[in-house]
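Below is one structure, written out as structure tokens; the observations come after it.
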Amino acid sequence: MAWEGRLTFLFFFSILLMLSHVCDCHPHSARCMNSTCATTKTSNNTAKKASDIAAEVAGYTDVAKQIIDLAVFGAAQNRSYRRLADFTDTIGNRVSGSQNLELAIKYMFNALTQDGLDVHLEPVKVPHWVRGKESAEMIAPRAKSLAILGLGSSVGTPPEGIEAEVLVVQSFEELKRRSSEAMGRIVVFNQPFVSYGETVAYRAFGASEAAKVGAVATLIRSITPFSINSPHTGWQDYQDGVRRIPTACITVEDAELMWRMAQRGQKIVVRLTMEAKTLPDADSFNTVAEIRGWQHPEQVVLLSGHLDSWDVGQGAMDDGGGAMISWEALSLIKDLGLRPRRTLRTVLWTAEEQGGVGAQQYYNLHKVNMANFDLVMESDLGTFTPVALQFTGSDAARKVMEEVVKLLAPINTTKLEAHGEGTDISPWMQAGVPGASLHVADSRYFWFHHSEGDTMTVQDPGDMNLCSALWAVVSYVVADLQDMLPSS
């Protein structure tokens, strides 16, 4: 070899050595599977060009496809569905404060541990409302049994029940106009379903609004667009300083029946009996499972769903499915031998149905480390066919996420929508941490929501495979990028 050739060889060899030190790849990182390993790392404080971001994220195309193939076509096919079926068939529903919820937490702790994940429990205090026996009958103008579900936090009736004439209204405004008729009555709300976000106000505040005008109880049309004589429960909030009266949901059919009777001028009398009571707060736990990051273990991408449910049905849809895909995402990543730069942390919340109680206590405990939370994710609107990822964050973070969802082309979910949502992650998003939620084809979600109809029959294994793949790809790639998502 000529001297000039030796110089050229030594020069390039030294450059390669330098690059090997600059590149902070880990053998389990997807970057070691592609050429982006040779790019110089930029600091979290340095804005990357759009083209650099696109190129870095595109480097994950192969690993994203591996995750998708494993979840949808491979050995993990239908696993999240089977796990959900085993869990809900074994435990059943699991309302805050119940023994079933305790059993559910123990079940998941053991299952996650057996899956080879780092698992621990974080103690919290949760509400403990007990339904007890309940019934309602229409006495006049004819005898008819009414299907009801008492609302969470409701007080009970006297042991002999409450028998009273009914006032049927269709809105809070009508109740105010007819307030002189409400004294001593059971107020029936027959509000039309507009959307869950708008109509749920009647469930949440109907009792206190009726109590203000002298009502003795309320029966509220279930918050659903579709009914087969199925009542839907949920949490309700008493207003401070207002007398607490019993409240329950009735079916769409019975609300409309009483409305028609009232329009004819018929006198309606109902007898309501409820044993509902609130016990002292109970001990519970948020369940936490992790794959620790190899480079920045203190930095976290959080995936989540809630483990509790209402005390009807199986809680398969709300939110067993969200909990299971948040577990499945870690399993898929572990099965492929991947380990991201940052920690992937799945949290299965407790007492979400009572207003995100477990999640709020988690936030209070961990907000001191807020700067290390890269992305918080929640699935709590079903695990039907995925449509898009919903995202809340800075414009710069949105540009990164727009590139990340392009990796989901094999399952046709490349759309990034505005406004990540979720009761449990909302404290983080309000504080400025980027948040993401799963948007699915959820037109049937509120058919079954908080009712006896929320069972495994609602779930589809193919849909859960797709949701698991999306959840795993997004969480892994964000956790393994060179930089955290830009906060501004």
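Based on the Cα coordinates of the chain, what is the per residue volume of their convex hull in Å³?
151
Report the calculated FRET efficiency for E298 and E253 (r = Cβ-Cβ distance, R0 = 35 Å), to the nearest 0.05.
The computed FRET efficiency comes out at 0.05.
Mind listing the long-range amide H neighbours of V440? Cut-off is under 5 Å, sequence gap 5 or more, other chains count too, H placed in the peptide plane at 1.01 Å from N.
V387
For the stretch 381-488, list log₁₀ I(q)/I(0) at each q in 0.10, 0.16 Å⁻¹, using the Debye formula over Cα point scatterers of equal strength and ignoring solvent, two decimals each.
Debye output, listed in q order: -0.31, -0.75.
Restricting to the stretch 132-275, what percent of DSSP beta bridges are antiparallel, rounded to 5?
Given both bridge residues lie in the stretch 132-275, the antiparallel proportion sits at roughly 55 percent.
How big is the accessible area of H120 in square angstrom, nearest 10, if you roll a 1.4 angstrom probe over the protein chains?
The accessible area of H120 comes to roughly 70 Å².
Please list the non-local residues whose amide H lies under 5 Å from the amide H of K415, H modeled 1.01 Å from N, same-chain partners needing a gap of 5 or more.
L389
Where does the Debye-calculated log10 I(q)/I(0) of the stretch 50-175 sit at q = 0.18 Å⁻¹, using only Cα point scatterers of equal weight, no solvent?
For the stretch 50-175 at q = 0.18 Å⁻¹, log10 I(q)/I(0) is -1.13.
Using the alpha carbons of the stretch 242-336, what is the convex hull volume per residue in cubic angstrom, as a whole number?
Dividing the Cα hull volume of the stretch 242-336 by its residue count gives 219 Å³.
What are the lysines whose alpha-carbon lies under 20 Å from the alpha-carbon of K212, with same-chain residues fewer than 8 places away excluded?
Leaving aside lysines fewer than 8 places away in the same chain, those within reach of K212 are K176.
In degrees, nearest 10, range 0 to 90: what is the angle between the Cα axis of helix 461-480 and the longest Cα principal axis of the chain?
Roughly 50 degrees between the two axes.
With r defined as the distance between the Cβ atoms of M370 and Q263 and R0 fixed at 45 Å, what FRET efficiency is calculated, to the nearest 0.05?
0.25
In sequence order, what are the phi-derived ³J(HN,Hα) couplings for the stretch 330-343 according to the Karplus relation 6.51 cos²θ - 1.76 cosθ + 1.60 with θ = phi - 60°, rounded to whole Hz, with x for glycine and proline?
Computed from phi, the couplings for the stretch 330-343 are 5, 4, 4, 5, 5, 4, 8, x, 8, 9, x, 4, 9, 6 Hz.
Could you list the square roots of 5 times each eigenvalue of the Cα gyration tensor of the stretch 132-275, that is, the equivalent ellipsoid semi-axes, sorted largest first and rounded to whole Å?
Equivalent-ellipsoid dimensions as semi-axes: 18, 17, 16 Å.
What's the ranking of 226-239, 312-325 by average number of surrounding C-beta atoms within 10 Å, highest first?
312-325, 226-239
May I ask you to give the percent of accessible area on the chain that is carbon plus sulfur, with a probe radius of 1.4 Å?
Ligands and nucleic acids excluded, carbon and sulfur give 55 percent.
So what is the accessible area of the stretch 443-488 per residue, in Å², with the probe set to 1.4 Å?
Per-residue value: 28 Å².
Viscosity 1.002 mPa s, temperature 20 °C: give me the Stokes-Einstein translational D for the stretch 321-426 in µm²/s, with Rh taken as the Kirkwood radius over C-alpha pairs.
Result for D is 139 µm²/s.
For the chain, find the longest principal axis of its Cα atoms and tell me its angle to the long axis of helix 99-114, 0 to 90°, nearest 10.
It works out to around 10 degrees.
Would you mind getting the accessible area per residue of the stretch 132-275, heavy atoms of the protein chains only, 1.4 Å probe, in Å²?
That works out to 42 Å² per residue.
Quick one: 3J(HN,Hα) in Hz for the stretch 202-210, Karplus 6.51/-1.76/1.60 with θ = phi - 60°, rounded, Gly and Pro as x.
3J(HN,Hα) across the stretch 202-210, in whole Hz: 5, 5, 6, 10, x, 4, 5, 5, 6.
The values are calculated or read from the model by the stated rules, or taken from the named source; none is laboratory data. Keep in mind the model is a prediction, meaning the values are calculated, not measured. Note that we place each Cβ from the backbone using ideal geometry, even for glycine, and neighbour counts take in every protein chain shown. Ligands, DNA and RNA are excluded from the accessible area calculation, which covers all protein heavy atoms including side chains. Shrake-Rupley method; radii C 1.70, N 1.55, O 1.52, S 1.80 Å.
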